[in-house]
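Presented below is the structure to which this report refers.
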Amino acid sequence: KDMVVVDAARHLIIRYAGPTLGVGSVVFDGRQTSTGPRSPTTIAADASGNLLIGSLTGSSAALWLIPFNAQTGQYDAPKLMDAAVGGTGGGPIADMVIAKSPGVGPNGWGAGDLLVLAGSSSTRQVRVYTAATMATRRGIRRVAAQARQGWRGGASSRRLRRARARRRAGRRAA
């Protein structure tokens, strides 16, 4: 197993190859390019070895995917998944993890989904990016569209779902 770390101070993502974790190799250098996670702050990896990177530019948090190419054993160029993770006027990504088992309740998540804790300290909420959406090439574009629909599990999204349910119930009754 490899270990991959983010070095926010030097704008680097570094991979230490297992099992000895000797000398690290640079996966991404934010000082060398204008496209990618310039200030990486958080990291998660999915079962395929793809890296999901949270970065902060000013007060805006972004989510990046760095795909792992199993044929070459190297990482491909970063792809922007969501340019505004914290929402309008949001805050940084505090943490993120790939779910190992499904969540429960109406706002549950599936195994393999990415859970991102983001926003300012007073409005921090969890955003869910589904594994199925992230697995497709078109999924990267769909993730950004999902993100614009609101936080999954947040109070405002619950209010929206309730209002939609009331409207649908009203149409059925009529």
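Would you please name the residue that is most open to solvent (accessible area, probe 1.4 Å), looking only at residues in segment 19-29 that are in a strand (DSSP E or B) and of a type in the set (A, V, I, L, M)?
Among residues in segment 19-29 that are in a strand (DSSP E or B) and of a type in the set (A, V, I, L, M), the one most open to solvent (accessible area, probe 1.4 Å) is VAL26.
Does GLN32 qualify as being part of a loop (DSSP other than H, G, I, E, B), open to solvent by 30 Å² or more (accessible area, probe 1.4 Å) and at pLDDT 90 or above?
no
Within segment 35-62, take every residue that is of a type in the set (Ser, Thr, Tyr) and closer than 26 Å to ALA111 by Cα and give me the one that is most open to solvent (accessible area, probe 1.4 Å).
In this case the residue turns out to be SER48.
Restricting to segment 74-99, give me the number of residues that are open to solvent by 20 Å² or more (accessible area, probe 1.4 Å), over 17 Å from ARG38 (Cα atoms), at pLDDT 85 or above and not in a strand (DSSP E or B).
Residues meeting the conditions: 0.
The values are calculated or read from the model by the stated rules, or taken from the named source; none is laboratory data. Note that the structure is a prediction, hence the values are computed from the model and not measured. What goes into the accessible areas is simple: the full protein's heavy atoms, side chains included, and nothing from ligands, DNA or RNA. Shrake-Rupley method; radii C 1.70, N 1.55, O 1.52, S 1.80 Å.
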